[in-house]
Each structure stands twice: as C-alpha cells, then as structure tokens.
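Following: one structure in structure tokens, then a few remarks.
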Amino acid sequence: MSPDKKIMFQARLQRRLRELGINSFDMYAEKLLGEHSESPELAILVDYISTNKTDFFREKEHFNFLSTQLVPEFLGRASKLGFQRLNIWSAGCSSGQEPYSIAITLEEFMRLKGISFDYSIVATDISGRMLKALREAIYPMAQIEEVSLDVKHRYFLKSKNVHEPKVRVIKEVRDHVQLAYLNLMDNSYTFNTKFDVVFLRNTLIYFNSETQRRVLVKVLENMNAGAYLIIGHSESLINMELPIKTIAPSVYIKTNTI
Ligand SMILES: C[S@@+](CC[C@H](N)C(=O)[O-])C[C@H]1O[C@@H](n2cnc3c(N)ncnc32)[C@H](O)[C@@H]1O
C-alpha cells in the first residue's frame, strides 16, 4: 500500500485497537506480525481496511450493455460453437450486489425474450465479511429503492419486520452465484473454467499501475479469446499494452490468447 493511505488506515484500524484494548499501533503490529501468516487477525485487518462500497445495478450502463449487446452477441457467436454455458466472474464482488445484479439482468433477458440458457457466476473477494454477506443475500430495503417495482417483486423477498425492512434475493438467483475467497494479488488463480465475461469494477483503483497490470494479465489468462472485460467507469487501462480492445466505455474484448 502506498504511504498516502496511512491516514485512512489509522482511522479504520483505530476501532479495532479499541476493541482489543491495545493503545498503540506498534503493539498492534507486534500482535499481527508476531503471529504466523494464517492468523485470524490478518483476515480481520483486511475486513477493517478494505473499501466495500457497492450497490445494486451500480453503473447501470454496464447492465444495459449486458442485456442489449453482450448477451445477444455472445449467444450469436456461441451457437455456432456449440454453446454450453455463459461463464461470468465478478472479481472484487463485495457484499454481492454486483453478482446478483448480473444474475437478475440475465433472468430478465431470458424472461423477456422467452428463451433459456445456462449461466454461472463466480463471485470472489478478499474479505470474508463481504463473502458472508453475499452468502446471506439479505440487504436493507433502501438499497433497492431505485430498482423497478416489477424487478423488486420478482427477485426479492420482503422481511416482515416493519421497523428495519430488509429484502433477500430469491433462491433461484442465489443458486447461480458461487462464492470463493480470492486475493487478486496471488501469483496465479485456479478456476476450473475460463470466463466469457469478467466484471472487475472499482477494485483495480486500490492498486498501483504496475500491480494493476500484473492483476490484469492473470485475469486475462483466465478468459476465453473474445471474452468481455468490464471495469469501473472511473478506471482506465490506457498504456497497459494488454491484448484487449475497447468496444464501449469501460468495456473491452480480449483479442487473443495469452
Ligand atoms: C469498492 S468494492 C467494489 C465492488 C463491486 N465490484 C462494485 O463495483 O460495486 C472493492 C472490493 O474489492 C475487494 N478487494 C480489494 N482488494 C482485493 C484483493 N487484493 N483481492 C480481491 N479483492 C479485493 C474489496 O474487499 C471490496 O469488496
């Protein structure tokens, strides 16, 4: 992490130090570094310092692109090659709103077109707390305020608690999302499939450009040629010299195998 993150780290870790009754960062560092690398405190530290901001249908142009262009194009191409399943990866998925928004978009696409195809979404994150929230798939009702009534009724169950209204994503949608712990900084990733679409949004921003490139090379290794890579609107892959070409704002296609 770059030194300019120090203030943010201090602010976020202060609460953890209070919980542990530790009153100096040196003592905390001793506790952390004195334990071996699999120590539970390391995972807790990650939960305290990671930025997990997300939302249902965040950057909605990507979901419009998915249903109006990406899926029709993919199905057209894939039908000639003997289509089996659309494999999607939501990398840095946070508490699940992104993978569930993808699944709902695909369900709506199939419903409106009167067709059906198989798809799977692998959702990965470094934060155990976020993966737990994804597994539960329970969110404050306010988070789906902007979602159309029809989609709300079709894909969310409402809690009976009127004081703290919550919703849960329905099982049919949850079942399409498999979660896994994955640190994008790991040397290599092990998946048992190559992906046709990767959402890697608002996660690269936390890495410096050299690390971003390293991560992107590994991500691209796990994608089929012709697969789609979607990054956040505020991110950029300029001058990265990667085998990709832009096809829409913040949407790329992998041009060859690496
Ligand atoms: C701001 S959220 C983005 C969530 C979602 N992709 C979106 O755009 O709404 C960034 C996520 O990246 C995860 N993250 C940060 N560093 C990571 C790493 N090295 N490996 C995997 N995930 C990481 C964080 O835990 C967090 O959940």
> Pick from T105, T190, T51: which is most flexible by mean-square fluctuation in a GNM of the chain where alpha carbon atoms under 10 Å apart are linked?
Replying inline: T190
> How much mean residue ellipticity at 222 nm does the chain get from its helices, if each DSSP H run of length 4 or more adds -39500 (n - 2.57) and you divide by all residues, to the nearest 500 deg cm²/dmol?
Replying inline: -11500 deg cm²/dmol
>> I need the P(r) histogram for the stretch 16-103: all alpha carbon pairs, bin width 10 Å from 0 out to the longest distance, whole percents.
In response: 13, 29, 20, 17, 14, 7, 0
>> If the elastic network links every pair of Cα atoms under 10 Å, which of N187, N202, N161 fluctuates the most in the Gaussian network model of the chain?
In response: N161
> What angle, in degrees between 0 and 90 and rounded to the nearest 10, separates the Cα long axis of helix 6-20 from the longest principal axis of the Cα atoms of the chain?
Replying inline: 70
>> Quick check on the exposure proxy: order H163, H62, H176 from fewest to most C-beta atoms within 10 angstrom.
In response: H163, H176, H62
>> Report the Rg/Rh value for the stretch 3-49, based on alpha-carbon coordinates and the Kirkwood definition of Rh.
In response: 0.94
> So which GluC sites (Glu not before Pro) in the stretch 140-211 are both in a DSSP loop and have at most 15 other Cβ atoms within 10 Å of their Cβ?
Replying inline: E145, E146
> Regarding the stretch 91-185, what is the average projected area of its C-alpha convex hull, in nm²?
Replying inline: 6.7
> So for the chain, Kirkwood radius off the Cα pairs, Stokes-Einstein at 25 °C and 0.890 mPa s: how many µm² s⁻¹?
Replying inline: 123
> Among the lysines, which have Cα under 30 Å from the Cα of K171 when same-chain residues fewer than 8 positions away are ignored?
Replying inline: K53, K60, K113, K132, K152, K158, K160, K194
>> Tell me the angle of helix 25-34 to the major Cα principal axis of the chain, expressed in degrees between 0 and 90 and rounded to the nearest ten.
In response: 70
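Taking other Cβ within 10 Å of each residue's Cβ, how do M110, M223, M185 sort, fewest first? Spell out each step's value before the answer.
On the way: M110 15, M223 23, M185 11.
Ordered by Cβ neighbours within 10 Å, fewest first: M185, M110, M223.
Counting DSSP beta bridges with both partners in the chain, what percentage is antiparallel, nearest 5?
On the way: 13 of 32 bridges.
Restricted to the chain, the bridges split so that about 40 percent are antiparallel.
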> By how many degrees, 0 to 90 and rounded to 10, does the Cα axis of helix 71-81 deviate from the longest principal axis of the chain?
Replying inline: 70
>> Using amide H atoms built in the peptide plane, which far-off residues or other-chain residues are under 5 Å from A227 H to H?
In response: K254
> Across the stretch 98-115, in residue order, what do the Karplus-derived ³J(HN,Hα) couplings come to in whole Hz, using 6.51 cos²θ - 1.76 cosθ + 1.60 with θ = phi - 60° and x for Gly and Pro?
Replying inline: 5, x, 5, 5, 5, 4, 5, 4, 5, 4, 5, 4, 5, 4, 6, 8, x, 10
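Of all trypsin sites (Lys or Arg not before Pro) in the stretch 87-192, which ones are in loop regions per DSSP and have a Cβ with at most 11 other Cβ atoms within 10 Å?
Those satisfying the criteria are K160.
Each value in this text was obtained by applying a stated rule to the coordinates, not by laboratory testing. Because the structure is a prediction, the values reported are computed rather than measured. Cβ atoms come from the backbone with ideal geometry, glycine included; neighbour counts cover every protein chain shown.
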